[in-house]
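Student: First, the structure itself, so that you have it in front of you.
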Amino acid sequence: MKKTMVLVACLSAGLIQSNTLFAHTQNAENSTVAIIESGKLMGSNHDGVTTFYDVPYAQNPFTAERRFQAPQAYETWSGILDATKAGQPVPQPSRGKNITLVGAPGHLTLNIWTPTNAIAANNKASNKKLPVMVWIPGGAFIREDAAELAYDGTSFAKNNVIVVTINYRVGVDGFMHLEGTPDNRGILDQIMALKWVQNNIEDFGGDPSQVTVAGQSAGAESVAILLGTEKAEGLFQKAIMQSPPMAFLTQKEADKITQSYTEKLNIPATIEGLSTVPFPELVKNVIDMGHTIQDRDKWGMLSWGGTAFLPVVDGDIIVESPMKDLAKASPSIPVIVGSTDQESRLYLVPSGAVNNTTEETKSLLLSDLSLEGWPADVYSTEGNSTSIGDTFADIQSDFTFRMPALHIAQQLTKNDNNVWHYNFSWMSPAFDGHLGAAHFVDVPFVFNTTNNEQAKTFVGSQPPVELVNAMHNQWLTFIKTSKADWSHYNLSERPTMQFDVTSKQVNDPEDSVRKLWKNYQF
């Protein structure tokens, strides 16, 4: 272990040279300076937890010489890095109708929450060996933000689990297939961040042999990819996947998207060509490309998805597919995997699309899926109070998130991994009671962040405390012990934890739906 120490500090500049007089002071109780391999960094203290924001782990990949290349490790800085304020994510499109640039090009960074008393002091190494959760944010592989309020790791740190949230390249820079460059650059960034954790987390009181890699949505699929690639071997010991989509592109599909994207901009499909495009225009066209692929006649099954930039089968990081590569996952890694009951309502309710879906659109999706059995009967509106839009949302939820999560549980169970499967069933009252158990709604419960303003948009002002306690405590238990408090998954009884106001274990929920998707190839 490297020699480390902490200085209780009275500092405040952004990057202060060690031989510079401090122009401002900060209460010594409110800040902590840690020394790691790269240099000194100052974090902020609050209620026994120290947070370090915007810590660089890889050099700026948006410079001319590093653009579209594999990440390069950040080396050292001089002075004291002010890590007390959240930084910006990588360049990406905003949400909403009027697309603007969010984030900025710069170093790839991560954030850390750790108990203040876990950090080394007085020139001595830390005597703590705390478990660590590395969180990979979601965002459909075109957005991500490691500093979102929902991902605040304070509650985990108060319970002696260190949290690290990571930023990584997305969209064109992270996942566009481009000749002469490595594919899946965003995944390579994640691997470098995990290496950073292995090399540095002891300095914050963490145990590099007790790392859980976790994520939601695209972050969860990233976890699955990391499980299936030798490139990440030995970098983590446990895994959590919340709502993993498992979507990917073949080389042919990825090349077609690249050609279409660059033709719209009238530039060559090269590093040089793309580098001439200003970031505001680059990210706007990421959204435009998502609209382009909705032409079903031209793009086939890709038209039912929401993004044109996805992990690519490159024969290196992804050999066959994210799902099939899980057969290579180490059986020693325990896993939690699951989904919310009504994932796609996040996309269909706020936009009003749930009220405008036609029977023709629903039937067309079922036809394209070519499911076994009688899908029209299983997803029927007859004899119940559901609308066409509701059942369309159910099909999209199963196609995009719920059945991929279940298939992961099945694949890893066959692989002899210990797997715990869950469904999140609580109906959010948000959006006038129509949001339901939608995508992302589970995340604030896991982090115990339901009271912040971002979370209230999705969970309302009075989310059930019982559900917060149930999910947060189960994640704590798993991260600390490699076990959850319900039966691990098996292919006979199929035990599943149903998280709700009153959480309970159920066996093989919605078996009629599961059987429709039994042989579907994700």
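Student: Using the Kirkwood radius over C-alpha pairs as Rh, can you work out the diffusion coefficient of the range 334-516 via Stokes-Einstein at 4 °C, viscosity 1.567 mPa s, in µm² per second?
Tutor: It diffuses with D of about 75 µm²/s by this estimate.
Student: What is the angle, in °, between the Cα long axis of helix 279-292 and the longest principal axis of the Cα atoms in the chain? Nearest 10 is fine, range 0 to 90.
Tutor: The angle comes out at about 20 degrees.
Student: Still on this structure, please answer the following. Quick one: work out the % antiparallel among DSSP beta bridges in the chain, nearest 5.
Tutor: 50
Student: Hey, another quick one. Given a Förster radius of 45 Å and the C-beta distance between residue 521 and residue 77 as r, what FRET efficiency does 1/(1 + (r/R0)^6) yield to the nearest 0.05?
Tutor: After rounding, the FRET efficiency stands at 0.40.
Student: Please name whichever of 506, 134, 171 sits farthest to the positive end of the charge dipole of the chain, dipole taken about the Cα centre and charges placed at Cβ: Lys and Arg +1, Asp and Glu -1.
Tutor: 134
Student: Using +1 at the Cβ of each Lys and Arg and -1 at the Cβ of each Asp and Glu in the range 334-516, identify which of 471, 424, 373 lies farthest towards the dipole's positive end.
Tutor: Final value for the positive-end residue is 471.
Student: How large is the dipole of the range 334-516 about the Cα centre if only Lys and Arg carry +1 and Asp and Glu carry -1, each at its Cβ, rounded to the nearest 20 debye?
Tutor: 640
Student: Give the residue from 434, 304, 87 lying farthest towards the positive end of the charge dipole for the chain; charges sit on Cβ (+1 for Lys and Arg, -1 for Asp and Glu) and the dipole is referred to the Cα centre.
Tutor: 87
Student: Fewest Cβ neighbours within 10 Å first, please rank 46, 488, 177 accordingly.
Tutor: Going from least to most buried by this count: 46, 488, 177.
Student: For the pairs 414/515; 256/518; 456/483, note any where the Cα-Cα span goes beyond 23 Å.
Tutor: Too far apart for the 23 Å limit: 256/518; 456/483.
Student: As an exercise, identify the GluC sites (Glu not before Pro) in the range 189-251 lying in DSSP coil whose Cβ has no more than 14 other Cβ atoms within 10 Å.
Tutor: Those satisfying the criteria are 233.
Student: Sticking with this structure for a sec: Please list the three semi-axes, largest first and in whole Å, of the ellipsoid equivalent to the chain, using sqrt of 5 times the eigenvalues of its alpha carbon gyration tensor.
Tutor: Rounded to whole Å, the semi-axes are 37, 28, 21.
Student: Provide 223, 319 in ascending order of the number of other Cβ atoms located within 10 Å of each residue's Cβ, fewest first.
Tutor: So the residues, fewest neighbours to most, are 319, 223.
Student: For the pair residue 291/residue 414, report the inter-label distance in nm, with labels modelled 7 Å from Cα in the Cβ direction.
Tutor: Modelled inter-label distance: 4.1 nm.
Bear in mind these aren't lab numbers, they're just calculated from the coordinates by the rules spelled out. Note that this is a predicted model, so its numbers are computed, not measured. Cβ atoms come from the backbone with ideal geometry, glycine included; neighbour counts cover every protein chain shown.
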